[in-house]
Amino acid sequence: RRRRRRHHRRAHRRRRAHRRRRRRRRVIARALVRDVSRKDYKRPRACSRRRRAPSRGERRVMRAMTNAMTMPLSTSRGVASASLRPQSRACAMRRATRARFASSRLRAASGESVGESEPFVFYKDPSRLAIAAAWLGLGSFAALGAPSGTAAFDMELVTSLISAPFSGSVNPLFEALFNSLGIVPATYACLLMPGAKDQKPLPAALCIGASFALGFFALGPYLITRAPRPAPVAKSSLGFVTRNVWESKLNAVALTAFAIWLGYYGVSNLSPENIAGFAALFKEQSMLACVSTCDLFVLSLAMSGAIKEDMQRRNVDPTNAVAVRISSSARSGVVVIDAPGARRIAARD
């Protein structure tokens with residue numbers, strides 16, 4: 001009976017010592033991974049009774065032991081890892097920590113900020129300065145160069161466009177151009193709203209919504225001051241309208257089909273009489289026709305940067321965005337429109 005008791009006591013002491021050694025190894029491995037100093041080290045309550053941090057020599061020995069235990073062993077079936085599960089996990093965590101700190105040091109040495117990226121400054125970008133110049137030029141032309149004193153005629157023109165669309169009561173070329181000014185802001189919404197989160201200082205939804213009525217006068221300041229967002233965006237981070245309307249393929253197909261139909265409507269009514277009538281509207285009769293034509297032209301030219309950024313966001317080759325600059329014709333305003341819609345479908349596929 002005494003022998004049995006001694007055997008049980010020795011076995012209990014061995015089990016307790018094994019548990020203490022295993023806890024000690026875990027604590028020292030965690031200390032190595034976190035690279036804590038002696039003054040910041042705190043022993044968990046469930047571990048050994050020592051209340052001091054491992055010394056530098058002990059940490060060096062444990063590091064050598066961990067590296068030795070994680071060395072791959074060659075077997076008959078290939079290369080197998082000889083480390084146990086806690087040691088291999090600690091080694092992987094330590095390597096990841098070292099790699100993260102090394103990349104941080106490299107970025108700091110190269111002059112980049114580690115914690116946060118450098119804020120975008122729009123007045124240092126030549127393309128933003130060009131958009132600002134176009135916005136100022138359009139406003140100056142609308143105030144000084146467009147026909148004046150045509151408010152009553154413009155009101156009758158808008159009433160005819162809304163009450164009897166595509167009936168022939170208004171010049172067909174101007175009617176195609178006027179309806180194109182509804183497609184271009186919708187295309188801008190498809191291009192800009194996926195990267196509109198946390199844009200400062202102007203909100204994207206307000207400027208894009210106002211552009212349906214004011215055109216480039218409302219959209220220009222946002223295009224000038226917005227920060228580029230070429231990184232891919234998760235669909236779950238998009239808003240309800242952006243996710244279900246602007247990112248919808250049905251919306252892209254509808255915009256493209258309507259743009260193609262407007263192009264067909266403008267080209268089919270292309271005659272010397274209609275061209276002369278549109279020229280008279282532009283030069284003398286209507287301030288609305290003059291400013292709308294210039295507005296569509298500037299909106300089409302400014303769309304190139306938005307298309308390029310959207311293609312980068314969707315991992316599509318952005319070199320084809322230069323094709324939008326073909327839009328120099330203001331006769332029907334449709335050559336400008338169907339290119340963005342077609343590229344939206346290609347980008348989503």
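Only the coordinates and a few stated rules stand behind these numbers; no lab work does. These numbers come from a predicted model, not from an experiment. All Cβ positions, glycine included, derive from the backbone under ideal geometry; neighbour counts span all protein chains shown.
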- Stretch residue 200-residue 212 to full length: gain in nm at 0.36 nm per residue minus the Cα-Cα span? 2.2 nm
- Message: Restricted to Cα positions, what overall size does the stretch 267-319 have along the principal axes? Three whole-Å values, descending.
- Response: 46, 25, 12
- Send over the semi-axes of the stretch 133-263's equivalent ellipsoid, whole angstrom and largest first, taken as the square roots of 5 times the C-alpha gyration tensor eigenvalues. 30, 21, 11
- Query: Which value results for Rg/Rh of the stretch 201-244 when Rg is the Cα radius of gyration and Rh the Kirkwood radius based on the inverse mean 1/r?
  - Reply: 1.02
- Query: Summing +1 for each Lys or Arg and -1 for each Asp or Glu, what net charge is found among the other residues whose Cβ lies under 9 Å from the Cβ of residue 238?
  - Reply: +2
- Query: So what is Rg over Rh here for the stretch 118-210, counting just Cα atoms and using Kirkwood for Rh?
  - Reply: 1.07
- Calculated from backbone phi, Karplus (6.51, -1.76, 1.60) coupling profile of the stretch 210-215 in Hz, x at Gly/Pro: 5, 5, 5, 9, 10, x
- Task: Pull out the extension gain between residue 118 and residue 19, defined as 0.36 nm times the separation in residues minus the alpha carbon to alpha carbon distance; nm, one decimal.
- Result: 30.6 nm
- With just the Cα atoms of the stretch 189-282, tell me how far they stretch along each of the three principal axes, in Å, largest first. 51, 29, 20
